[in-house]
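Q: Next up is a structure, given as structure tokens.
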Amino acid sequence: MLILLPPSEGKTAPRRGAPLALDSLSHPALNPTRERVLDTLVTLCSGDAEHAASVLEVGSTQLDLVTANARLREAPTGRADAIYTGVLYDHLDAGGLSAAAKRRASSRLAVVSSVFGLVRPGDRVPAYRLSGQTSLPGLGPVASAWRPVLGEAVAAQVGRGLVVDLRSSVYAGFWRPGKDAGDVDPRTRVATVRVLHEQGGKRKVVSHFNKATKGRIVRALLEDGADPTTPARLAEALRDLGWAVEVGEPGAQGTRLDVVVTEL
């Protein structure tokens with residue numbers, strides 16, 4: 001099983017650590033694209049800061065993010081599972097996992113990154129600011145840069161297992177199962193998860209519930225050790241862990257599982 005996570009917009013910048021070494025990251029086949037994105041981003045942020053901020057869609061009070069991007073190759077790095085923050089990652093609480101769950105996380109989790117493509121929890125990366133919907137001068141949309149190569153990396157990591165796709169809509173464009181490179185059949189080997197908040201007989205998607213529940217689901221799966229190989233078996237595993245789950249029909253993006261919650 002491979003669980004694909006979206007990155008967080010906010011990141012914890014490490015105070016110390018070795019500088020970035022692309023050769024040390026997992027999925028070395030992605031390094032040529034990593035180099036292209038890094039070079040383009042560093043060049044942009046080393047020039048006119050106001051222009052770079054406009055491209056990155058950060059405010060004039062956040063020019064420190066532009067400065068940090070300009071220094072990405074020299075900046076200290078940290079484990080990816082400590083760099084990414086936010087609601088999903090707070091509820092996943094990677095640092096608080098048991099030893100066995102941490103071992104499972106090292107092979108079963110991957111974050112889809114605008115700069116690095118696909119990173120595992122133990123990959124050492126610097127904090128950066130680059131949204132998945134950004135178009136960089138001379139490179140174009142970030143998603144378009146990753147689309148030709150990311151599928152093969154996903155296929156290599158998941159093997160013959162199940163992809164549990166928890167990406168947000170922005171990062172879903174980085175790899176489209178069944179359309180882009182890779183041999184993962186979306187109709188049988190991809191499950192997407194949507195969290196619905198039910199209140200007063202009505203259901204709706206609420207961002208906080210969605211992110212928090214996904215973090216808890218990932219944590220529970222890692223602690224439990226379940227390794228489902230089909231969307232139906234994933235639904236069974238989640239029900240065993242206490243969630244109410246409804247299974248949709250297989251589609252072009254995979255089989256959607258609706259997890260229905262009434263409270264956090």
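Residue by residue, here is whether (1) assigned to a helix (DSSP H, G or I); (2) under 30 Å from residue 224 (Cα atoms); (3) in contact with a Ser or Thr (Cβ under 7 Å, 6 or more places away or on another chain) holds:
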{"site": "68", "(1), (2), (3)": "yes, no, no"}
{"site": "74", "(1), (2), (3)": "no, no, no"}
{"site": "90", "(1), (2), (3)": "yes, yes, no"}
{"site": "112", "(1), (2), (3)": "no, yes, no"}
{"site": "115", "(1), (2), (3)": "no, no, no"}
{"site": "121", "(1), (2), (3)": "no, yes, yes"}
{"site": "129", "(1), (2), (3)": "no, no, no"}
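Q: So residue 74 clears everything in (1) touching a residue at least 12 places away in the same chain (Cβ under 8 Å); (2) surrounded by 14 or more Cβ atoms within 10 Å (Cβ to Cβ); (3) in contact with a strand residue (DSSP E or B) (Cβ under 8 Å, 6 or more places away or on another chain) except one condition, right? Which one?
A: Condition (2) is where residue 74 drops out.
Here is a yes/no grid of residues against (1) surrounded by 20 or more Cβ atoms within 10 Å (Cβ to Cβ); (2) outside any helix (DSSP H, G or I); (3) at pLDDT 95 or above:
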position	(1), (2), (3)
198	no, yes, no
208	no, no, no
221	yes, no, yes
227	no, yes, yes
235	yes, no, yes
246	no, yes, yes
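Q: Inspect region 120-127 for any residue being within 28 Å of residue 39 (Cβ to Cβ), surrounded by fewer than 21 Cβ atoms within 10 Å (Cβ to Cβ) and without any contact (Cβ under 8 Å) to a residue 24 or more places away in the chain and give the result as yes or no.
A: No, region 120-127 contains no residue that is within 28 Å of residue 39 (Cβ to Cβ), surrounded by fewer than 21 Cβ atoms within 10 Å (Cβ to Cβ) and without any contact (Cβ under 8 Å) to a residue 24 or more places away in the chain.
Q: Shifting gears a bit: Determine whether region 161-171 contains at least one residue that is farther than 22 Å from residue 20 by Cα, modelled with pLDDT under 95 and over 14 Å from the mean Cα position of the chain (by Cα).
A: no
Q: Considering every residue within region 54-64, establish whether at least one is hydroxyl-bearing (Ser, Thr, Tyr), closer than 13 Å to residue 136 by Cβ and assigned to a helix (DSSP H, G or I).
A: Yes, region 54-64 contains a residue that is hydroxyl-bearing (Ser, Thr, Tyr), closer than 13 Å to residue 136 by Cβ and assigned to a helix (DSSP H, G or I).
Q: Based on this model, can you work out whether residue 82 counts as within 15 Å of the chain's Cα centre (by Cα), under 24 Å from residue 142 (Cβ atoms), of a type in the set (Gly, Ala, Ser) and modelled with pLDDT of 95 or more? Explain how you work it out, then say what you get.
A: Numbers: within 15 Å of the chain's Cα centre (by Cα): yes; under 24 Å from residue 142 (Cβ atoms): yes; of a type in the set (Gly, Ala, Ser): yes; modelled with pLDDT of 95 or more: yes.
Yes, satisfied.
Q: Those residues that are in a helix (DSSP H, G or I) and either free of Cβ contacts under 8 Å to residues at least 60 places away in the same chain or surrounded by fewer than 21 Cβ atoms within 10 Å (Cβ to Cβ) (or both), I need them from region 131-144; list them, please.
A: 143, 144
Q: Among (1) within 23 Å of residue 89 (Cα to Cα); (2) charged (D, E, K, R); (3) surrounded by 15 or more Cβ atoms within 10 Å (Cβ to Cβ), which single condition is residue 204 missing?
A: In the conditions (1) within 23 Å of residue 89 (Cα to Cα); (2) charged (D, E, K, R); (3) surrounded by 15 or more Cβ atoms within 10 Å (Cβ to Cβ), residue 204 misses (3) alone.
Q: Is it true that some residue in region 96-108 is surrounded by 15 or more Cβ atoms within 10 Å (Cβ to Cβ), out of contact with any Leu (no Cβ under 7 Å at 6 or more places or on another chain) and part of a loop (DSSP other than H, G, I, E, B)?
A: no
Q: I need the full set of residues from region 248-264 which are over 21 Å from the mean Cα position of the chain (by Cα), hydrophobic (A, V, I, L, M, F, W, C) and surrounded by 16 or more Cβ atoms within 10 Å (Cβ to Cβ), in order please.
A: Selection gives 261 alone.
The values are calculated or read from the model by the stated rules, or taken from the named source; none is laboratory data. From a predicted model like this one, the values you see are computed outputs, not experimental measurements. Note that we place each Cβ from the backbone using ideal geometry, even for glycine, and neighbour counts take in every protein chain shown.
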